[in-house]
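The values are calculated or read from the model by the stated rules, or taken from the named source; none is laboratory data. The structure displayed is predicted, hence computed values, not measured ones. Here the Cβ is made from the backbone with ideal geometry for all residues, glycine too, and neighbour counts use every protein chain on show.
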C-alpha cells in the first residue's frame, strides 16, 4: 500500500484499535503489567502517531515514488518507541505511573510487529479497496 | 446450399455499416445470428481476464459473461511479447510483488508464494530490504503464467471464451450494444455473429507497434527486415548471427526493453566469449537526478532515467493517483508529462555489465537523433546521427529499435469504429477518454454501459492503466459500477474474506 496522508492516519488508528488491542490483551498478563497501563500506552501510540504520520508524510515528499517502503514502516518503531519511553519515564503520560522497561519493550514491540505484519498483507483481504485508496478506509 | 451463398449469408449490410445505432430488426434482416448475454468483454488478454475474475468473485455466473477473443488463453500475447523482448520463463518481469492478475487481493504476494513454495525466506528478506538494500523483488514470468492458469480454471474462464475476431461494437436501439464477431472460418453457418448485451468491456491491448520513422524508411526503401529489427518482434537471428561472427549492434531507446536487450547481448558476450560491440543511442541522455524541484526529482545517470516500475509507485493508490483523479484537459496532460518519460529500473546486475562494457571499450552510450540509415559499401548499416557531439556517422551490423513506440488507437479496427460511430472521444494524450469508473465517455446506450481498460485508455484520470495493477484497479472500478447498476454484487468485507479463503484453498468460484 502506498499511502496518502489520511490513509496513513486511518490505517494506524484502525489497526491499533483492532490488532493492537488484541495483542495488548494477550501480552499484558505475560509481561506482568496491568491493563490500565498497557492500554494507556497503546492509546499514546495512536495519539502521538498522528503527529508522527505528519512527519512521515513530509519526509515521503522527498521520494520520487511518493511511497513508503515496508522497511520504513518497521524501523520507525525505534524513534516512536524511544520518544514514548522518554515521555513515560518523565511521567508525562496521564493515568500511567511507572512501567518496567522490559515490559514496555515487549509490549510495544509485539504491538508494532503485529500491526506492521497485518498492514503488509492480510489487511487487503477484508478491505479489497484499501490498497488502491492510499490506505483510506472511508 | 452452395458454399458461396452460405459464406455471404449473415454478413454486414450497407445499412448496418451506415447506422450508428442498430434496431434488432436491422440485424435480423442481415441474417446475422444474435446471441444474448448480459456482458461481453472483447480482447481476451489479461485485461479481460482480471475483469472476469472480479465479476466471478462478485457472484456473476459464467453464463452471464462471454469473452470474445482471438487467443486461447489470457497470457498468450503477453507471453509472446515478453519472450521476444528477452524475458524467457525463468527471468523476472518488472512487476511489483503484490501485482498479481490471478489474485484480486494481492495477498499472498508473489514473494510470499515463492517463499512458501520453495521453502525459503529469501524472497521475503529481499522484499523487506527493497528498494534500499536490494533491487525491487519481481516475480518470474513463468510463475505469473502458472498462477493465472490456476485461476483461469478456478473461475471457469475457458467456458466463457468464444473464439473469433471482433469487427465492431454498435449501440442498440432500446439500450445495450451489438458486438459483431467473425468466428474462425468453417466454424459456423454465417460469416458473422452478433452478441447482444447490456454491457461491453473493451480490453484490446496495444493497438500496434510503430517504428521509428528513419528505421521505417530504411526497411521500406531497402526491403531489409533482418538487420533493422524491433525489439518487440522476434529477432533471435541477430543473437544467433553474433555467435557465428563478431559484429556491432546499435541499440536505440532508454526503456526497460533496451535494458533487456543489452543484458542479452552482454550475457551472450560473456557466456560464449563473443566480441560484440554495442553502440547505444539515447534521444534524451540523462546524466543525473532530474526534475523541477526537490520534491519531484527522479534518479538517473549514464543516459538512463531510473524508476522501479513503469510509473512512480504512488500512481497505483497513493498521492499521484489521488491527484490525477481530479485533473482534466491540459492540466492532466502536464501532470502525465511531469511524471512520464522513458525509464528503466536501476538493477545491480545491469549496472555491473554496463560498467564492464564501458571499461572494456565495447559498450558506448551517447545522445543523438538519427536522421537516416543507409547501407554502406562494406555491407554495414550507417546511421547519420546528430546530437550534442555534432553530426556523426555510426556504423553497425544490426540496429535494434527498443523505443516501443505505439500506434494510434485508430489503428485498431474496433476502436476506430467506436470513435467514428460509437460516440467515443480522445483524452488529452489522444487515447480513449474514460470516466473515473472506466466507462468510455459518450458511449452510453439506454441502461447499458461500455467500458474500456488497458493501454488504449492511457491518459485518463488514472495513470498506470497498462500494467497488471492498473488492470486490476480498472476491473475493481468497473465491478463496483456494475454492482451499482444491479449486475453482480458489490464485494464487501465478508464476501471478500470468504472468497479469499476459497482462492487460498483452490476451490472453484460457485455459479451465482
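Quick notes on this structure:
- Boolean, residue B:186 is assigned to a loop (DSSP other than H, G, I, E, B), free of Cβ contacts under 8 Å to residues at least 60 places away in the same chain and in the same structural domain as residue B:450 (by TED's automatic domain parsing): yes
- Single residue of segment B:276-290 satisfying the filter (surrounded by fewer than 18 Cβ atoms within 10 Å (Cβ to Cβ) and touching a residue at least 40 places away in the same chain (Cβ under 8 Å)) that is nearest to the other protein chains (Cβ to nearest Cβ): B:284
- Residue that is within 14 Å of another protein chain (Cβ to nearest Cβ), in contact with a helix residue (DSSP H, G or I) (Cβ under 8 Å, 6 or more places away or on another chain) and surrounded by 20 or more Cβ atoms within 10 Å (Cβ to Cβ), where the choices are A:24, A:11: A:11
Yes/no per residue for (1) within 14 Å of chain A (Cβ to nearest Cβ); (2) part of a loop (DSSP other than H, G, I, E, B); (3) in contact with a helix residue (DSSP H, G or I) (Cβ under 8 Å, 6 or more places away or on another chain):
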residue	(1), (2), (3)
B:226	no, yes, yes
B:232	no, yes, yes
B:251	no, no, yes
B:264	no, no, yes
B:308	yes, yes, no
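- For segment B:292-306, filtered to residues that are over 26 Å from residue B:366 (Cβ atoms) and not in a strand (DSSP E or B), the residue that is farthest from the other protein chains (Cβ to nearest Cβ) is B:294.
- Residue in segment B:285-304 that is at pLDDT 95 or above, over 22 Å from the mean Cα position of the chain (by Cα) and over 27 Å from residue B:137 (Cβ atoms) present: yes
- Top-ranked residue of segment B:312-325 - restricted to ones that are within 20 Å of residue B:432 (Cβ to Cβ) and more than 9 Å from every other protein chain (Cβ to nearest Cβ), ranked as surrounded by the fewest Cβ atoms within 10 Å (Cβ to Cβ): B:325
- Residue under evaluation residue B:211, criteria (1) more than 14 Å from chain A (Cβ to nearest Cβ); (2) more than 30 Å from residue B:438 (Cα to Cα), criterion not met: (2)
- Residues that are at pLDDT 95 or above number at least 3 in the following helices (runs of 4 or more DSSP H) confined to segment B:1-50: B:14-18, B:24-29.
- Scanning segment A:125-138 for residues that are free of Cβ contacts under 8 Å to residues at least 12 places away in the same chain and either part of a helix (DSSP H, G or I) or touching a strand residue (DSSP E or B) at 6+ places or on another chain (Cβ under 8 Å) (or both) yields a single hit, A:132.
- Residue list for segment B:209-224, restricted to those being loosely packed, with under 13 Cβ neighbours inside 10 Å and either at negative phi or assigned by TED's automatic domain parsing to the domain that holds residue B:169 (or both): B:213, B:220, B:221
- Which numbered condition residue A:59 fails, given (1) within 12 Å of chain B (Cβ to nearest Cβ); (2) assigned to a loop (DSSP other than H, G, I, E, B); (3) more than 23 Å from residue A:138 (Cα to Cα): (2)
- Considering residues of segment B:482-500 that are assigned to a loop (DSSP other than H, G, I, E, B) and away from chain A (no Cβ under 12 Å) only, the residue surrounded by the most Cβ atoms within 10 Å (Cβ to Cβ): B:488
- Qualifying residue in segment A:75-90 (condition: within 11 Å of another protein chain (Cβ to nearest Cβ) and in a loop (DSSP other than H, G, I, E, B)): no
- Residues that are in contact with a helix residue (DSSP H, G or I) (Cβ under 9 Å, 6 or more places away or on another chain), in contact (Cβ under 8 Å) with a residue 12 or more places away in the chain and assigned to a helix (DSSP H, G or I), drawn from segment B:314-346: B:315, B:316, B:320, B:321, B:323, B:324, B:332, B:335, B:336, B:339
- Residue match in segment B:467-477 (condition: crowded, with 17+ Cβ neighbours inside 10 Å, in contact with a strand residue (DSSP E or B) (Cβ under 9 Å, 6 or more places away or on another chain), over 22 Å from residue B:166 (Cβ atoms) and in contact (Cβ under 8 Å) with a residue 24 or more places away in the chain): yes
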